[in-house]
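The structure appears below as structure tokens.
The values are calculated or read from the model by the stated rules, or taken from the named source; none is laboratory data. Keep in mind the model is a prediction, meaning the values are calculated, not measured. All Cβ positions, glycine included, derive from the backbone under ideal geometry; neighbour counts span all protein chains shown.
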Amino acid sequence: MAEISNCNNDQPVTKHQVITQTNRSYGIDSINSDTNNLSAAMTWYGFGLNIAPISPGTKKTARRWDSWLENFSMETVVNHWKKNPDHEVGFIVGDDIIVFDADSPESIARLYEIEKALDVHPSLTIKTEKGEHHYFKRDEDSVAKSDSHSTEQHPERIDVKTGRALIVLPPSGGKEVWINEADHCRELAVAPQAFIDAVARNNGRDKPQKPKLKPPAPAIKPEDMDQQHRQLDALLTHIGPDCGYEDWLHALMAVHYETGGAEEGLAIVDDWSSQGKKYPGSAEIEAKWRSFDQYDGTSITVATLHKMVEDNGYNWIDILSKLGPQFKKCKFVVIHPDGIEKNDLKSVSANALETFSLTGKSPELEAQSLAEVHVLDGIALLGQWTTLFSKPNVGKTVFALYFLIDAIQQGRILAKDVFYLDLDDNHAGLTTKTKIAEEVGFHIICDGYEGFKVSNFIHLIEELISKDQVHGIILVLDTLKKFTSLMDKSAISRWNQIMRRFVVKGGTIIALAHTNKKSGSDGKPIPAGVSDLVDDVDCAYTIDVVEIDQATQAKTIVFENIKRRGNVVNSAAYSYSVEDGLSYEQLLASVQLVDQSQLEQAEQAESIKTVAEIIDAIMTSIVEGVTTKMAIRDSASERTSVSKRRVLEVIETYTGSDTDHHRWNYSVQNHGRHVYHLLN
């Protein structure tokens, strides 16, 4: 793809020409909601931008980029908008301009914070419906790349537009010129490399690197490029966007590869995806498209589209032949392996399912089988997928590390096979865990370090699966919500399918996840997210606090199995110190197994807490305005260090209208809520 530059029109429009064509005062400051598209186009042309026509109500150009830019001039601009007055105005950013797009209060605050810290200020700021665009000029030697994010998932991140990127200009899309101190784009303030790198760090990215040298691609004429795009369009039409997530993803990756990640390719896949029932919107498609820039696995090419078309019962050669003489069907011959006659080849079965049969492969499967080894002692087996659910600060990370270190030191697993993905930590916590990993010998991985991006995690897993490199790998995912959307059933279904393929190939997954803020009516934790998070795994446990002994400063917790497959325990109890000032190493060293008799003693110690103490805590909670049953239970449990189950028993025992025996009652209010009050 050729480089694109703005700010260097050979024949920039003059003030006289703009006034003649638009009958408006000169300068982009004059553009407002009443400005017609032709006037706006001429004014932005005069500012030096490579403007392009946008189809109304979209973010897609009405003309192919390269053919438009090949004949780009004031005359073509005027002629186009005279014929198409409803076309909105955008511009192709190019390699000499960079635009930072903040779409949320959090990202706007971050952008201003970075600008202030580095004493960088934009000469041009555009106000958008959701936020702001800050325009800068790039140094000739600067390194930058476009980057997009999901505002919903990452509200603090800032989109970056440069190179072959498209931006809609005022007055289109409700945008307006807010601050302008430049008469021409040549006068824009320069974005120093340190500023570009700081935005990348804010976005959880490594600083941009110059692309690795690759063999130069053959030059493609604009007309040939248009033909390529028509071919891709035709192939996608015969696939359909509702083809399943993996096929949809591979289709996008194939178009990205064939178009070099160009915006025209993005427009093709966005238009195709928008015809499906599960279309997530242009922003999500663009974020997915940009993520492919970081992919360095096996290339997914147009051959993938050919295969998908054939799987749908079409002949891709016939499809492309109909597009014109630039694709012609040629003769071909089938060359058989040396020494094998055609008649000796195994005939194709009439039953397509037989192709996938594993019958006869048992020796290979047996050779790949993993011994029944406990990765987490008694709780998680090698070659299985286990998820541990608990509320924050109960200790799931402590116990995951404790069990892993124990298994490594006991020789049950190899340290080099363990990959701990720490995505729920601050810098100090990450540093501490990295030191522990270095001492024990396992791997620790964090988003934004050493080139790892959580958005590429699925690609990495699929690559390991396709290359048969999964066998023996142990993944610890801390925490699960950082990898996928726990409340999106479709997303979880796709995630579970890929994770199951990983496990079937001989991998092991230990996932740490949260429970709901509110426990069940029985006082037990409820796993957060859709039910598939439990249904599709091999084993699942909840972790809950049994007792916090104030005298010994020890917390006792219990693992309770809620999904079981294989030789794992139904429950197990442990204790660890919660004394202030302990190092993480001391915290791990304080972990102790609690046997059944000790657990019963802890539960008994809890049960003999005086009923009066619990009643007092419940009454205090109600007086302070905590009036619903579950909220009272949680508040009184926290005040007394008694289990929620025990508090619930006391609440129910002393609920009623008899003042001789009861202490409180409730009334049913809006939406059936039981609101508690004290008896006089």
Filter region 416-427 down to the residues that are surrounded by fewer than 17 Cβ atoms within 10 Å (Cβ to Cβ) and under 24 Å from H374 (Cα atoms) and list them by number.
K416, F419
Can you name the residue in region 458-512 that is acidic (D, E) and outside any helix (DSSP H, G or I) and, of all such residues, is modelled with the lowest pLDDT?
D468
Taking the condition of being at pLDDT below 90, more than 21 Å from E638 (Cα to Cα) and either in a loop (DSSP other than H, G, I, E, B) or of a type in the set (F, W, Y) (or both), how many residues in region 530-563 meet it?
2
Mind counting the residues in region 58-71 that are outside any strand (DSSP E or B) and touching a residue at least 24 places away in the same chain (Cβ under 8 Å)?
9
Collect the residues in region 391-408 that are within 24 Å of I526 (Cα to Cα) and among the hydrophobic types (A, V, I, L, M, F, W, C), keeping them in residue-number order.
V394, V398, F399, A400, L401, F403
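Here are some residues: D95, D101. Which one is touching an Asp or Glu at 6+ places or on another chain (Cβ under 6 Å), assigned to a strand (DSSP E or B) and at pLDDT below 90?
Working: D101 fails: at pLDDT below 90.
Within the list D95, D101, the selection yields D95.
Filtering region 143-173 down to residues that are charged (D, E, K, R) and in a loop (DSSP other than H, G, I, E, B), which residue is nearest to G90 (Cα to Cα)?
Looking at the filtered set, the residue picked out is K145.
Here is a yes/no grid of residues against (1) outside the structural domain of T556 (by TED's automatic domain parsing); (2) of a type in the set (K, R); (3) surrounded by 13 or more Cβ atoms within 10 Å (Cβ to Cβ); (4) modelled with pLDDT under 90:
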residue: M619; (1), (2), (3), (4): yes, no, yes, no
residue: I622; (1), (2), (3), (4): yes, no, yes, no
residue: T627; (1), (2), (3), (4): yes, no, yes, no
residue: V642; (1), (2), (3), (4): yes, no, yes, yes
residue: R663; (1), (2), (3), (4): yes, yes, yes, no
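Kindly provide the set of residues from region 384-395 that are under 21 Å from I473 (Cβ atoms) and either at pLDDT below 95 or not β-branched (V, I, T) (or both), ordered by number. Spell out the reasoning first.
Here is the first cut: in region 384-395, the ones under 21 Å from I473 (Cβ atoms) are 384-388.
Correct list: Q384, W385, L388.
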Any residue that is within 23 Å of K130 (Cα to Cα) and free of Cβ contacts under 8 Å to residues at least 24 places away in the same chain - is there at least one of those in region 260-268?
yes
Being touching a residue at least 40 places away in the same chain (Cβ under 8 Å) and farther than 30 Å from K629 by Cα, is that true of even one residue in region 514-530?
no
When region 628-680 is checked residue by residue, the ones that are closer than 19 Å to N516 by Cβ and acidic (D, E) are D634, E638
Considering only residues of region 98-156 that are surrounded by fewer than 16 Cβ atoms within 10 Å (Cβ to Cβ) and in contact with a Lys or Arg (Cβ under 7 Å, 6 or more places away or on another chain), which is farthest from Q209 (Cα to Cα)?
K127
Given the structure, is V190 surrounded by fewer than 21 Cβ atoms within 10 Å (Cβ to Cβ), within 27 Å of the chain's Cα centre (by Cα) and farther than 30 Å from F483 by Cα?
no
For region 278-295, state whether one or more residues are modelled with pLDDT of 80 or more, surrounded by fewer than 18 Cβ atoms within 10 Å (Cβ to Cβ) and more than 22 Å from K130 (Cα to Cα).
no
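Mind telling me which of the residues G411, G383 ends up being over 25 Å from P527 (Cβ atoms), in the same structural domain as I461 (by TED's automatic domain parsing) and not in a helix (DSSP H, G or I)?
Testing whether each residue is over 25 Å from P527 (Cβ atoms), in the same structural domain as I461 (by TED's automatic domain parsing) and not in a helix (DSSP H, G or I) leaves just G411.
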